[in-house]
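Quick note: the coordinates plus some simple rules give every number you see, no bench work behind them. No experiment lies behind these values; they were computed from the predicted model shown. With ideal geometry, Cβ positions are generated from the backbone for all residues, glycine too; neighbour counts draw on all protein chains shown.
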Amino acid sequence: MTKLVEHRDTWSGLLHKKPDEATVGILGIPFDNAVSWRSGTRHAPARLRSITPHLAFFTEEGTEIKPCIADYGDVESDLEWTRYFKTVQTKAAEVMNQHKLAFFIGGDHSVGIPLFKAFSECKQGKIGYIQFDSHPDLIDEFEGHKWSHACTARRHVEDTRLEPANLAFVGLRSYLSEEINYFNENPKVGRFSARHVYKHGIESVAHALIEQMKDCDTVYFSLDIDGLDPAYAPGTGTPEAGGLSTRECLELLHLLFENLPIQAMDLVEISPPLDHEDVTALAGLKIIYEVMGMMQEKFD
Ligand SMILES: [Mn+2]
């Protein structure tokens with residue numbers, strides 16, 4: 001098993017004394033070879049961990065978060081891309097098999113390809129996948145590669161057990177024509193644009209997602225930070241104006257965690273070199289800490 005992060009200050013004292021019994025297993029994937037524009041996401045796991053000693057371990061409603069984390073560190077870089085993704089898949093499966101929630105910190109969105117492959121192989125029953133993102137990442141091949149961060153969701157539906165009817169997106173506002181064609185050919189895919197969220201509200205979207213995923217035995221939630229508006233998350237490689245607020249994202253997660261069997265989640269595309277005063281890293285950490293609170297509420 002991967003060596004655990006044990007520094008007493010990391011995660012503000014939330015590391016579980018018996019890692020095998022921790023509710024949440026964390027794994028960093030510091031990889032950004034697959035971006036189409038600006039990189040830097042490989043620095044996110046280390047940057048996020050380095051801020052945690054300064055954060056209080058309470059949810060925003062005032063509930064103390066008890067020690068609940070086993071941190072497996074990072075999957076170290078490997079210049080051989082195929083081998084690296086295979087290693088990520090193997091380590092991700094170990095974390096998923098051990099904990100109620102496996103939480104992965106990227107890295108660019110391409111790391112979702114081996115992560116979701118592991119999910120599809122080690123979980124039983126019908127699987128669901130919800131992606132919070134300004135982009136659908138449904139391109140078959142981008143800039144000569146099927147593992148671009150623009151191809152992640154397409155790989156999921158083509159290379160795993162995921163059915164289009166159990167695939168959904170929230171926050172969309174940027175597309176290529178191939179992706180629109182995919183949506184037209186697969187009308188059962190859940191598709192909630194940022195504008196739809198603005199007009200109908202995040203609760204209505206959450207309820208539609210819960211209805212869409214009601215037959216799923218397990219759900220994977222992928223959070224691309226560029227689903228948020230650049231005002232809330234400027235530190236990312238391909239920002240898109242007109243996005244959701246951190247508040248809306250948190251409300252969506254509350255409703256989904258309460259009502260769906262989410263057993264794995266990733267947080268990708270945070271780029272510390274492109275960030276300003278850690279605004280984006282802090283948005284990501286707020287989300288992580290609130291998710292820990294949601295897991296505690298659900299299982300304690
Ligand atoms: Mn994106």
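Computed values, structure above
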| item | result |
| --- | --- |
| Segment 10-299 - share of DSSP beta bridges that are antiparallel (%, nearest 5) | 5 |
| Burial order of peptide ranges 176-186, 129-139, 279-289 (average beta-carbon count within 10 Å, highest first) | 129-139, 279-289, 176-186 |
| Within segment 214-240, backbone nitrogen closer than 18 Å to the virtual label 7 Å beyond the Cα of residue 277 toward Cβ | 229-236 |
| Local electrostatic count at residue 212 - Lys and Arg +1, Asp and Glu -1, tallied over other residues with Cβ under 11 Å | +1 |
| Net charge dipole size for the chain [Lys, Arg +1 and Asp, Glu -1 on Cβ; Debye, nearest 20] | 400 |
| Most mobile listed residue (252, 260, 79) in the chain, GNM with C-alpha springs under 10 Å | 79 |
| Distant-in-sequence amide H partners of residue 169 (H built 1.01 Å from N, under 5 Å) | 131, 190, 191, 192 |
| Förster radius 22 Å - calculated FRET efficiency between residue 66 and residue 298, Cβ distance, rounded to 0.05 | 0.95 |
| Charge context of residue 123, other residues only, Cβ under 13 angstrom, K/R +1, D/E -1 | +2 |
| Burial ranking of peptide ranges 9-21, 109-121 (average Cβ count within 10 Å, highest at the top) | 109-121, 9-21 |
| Ranked packing of 57-65, 94-102, most packed first, by mean Cβ within 10 Å | 94-102, 57-65 |
| Under 5 Å, built H, 5+ apart or other chain: amide partners of residue 106 | 29, 267, 268, 269 |
| Relative contact order [Cα under 8 Å, 6+ residues apart], the chain, whole percent | 22 |
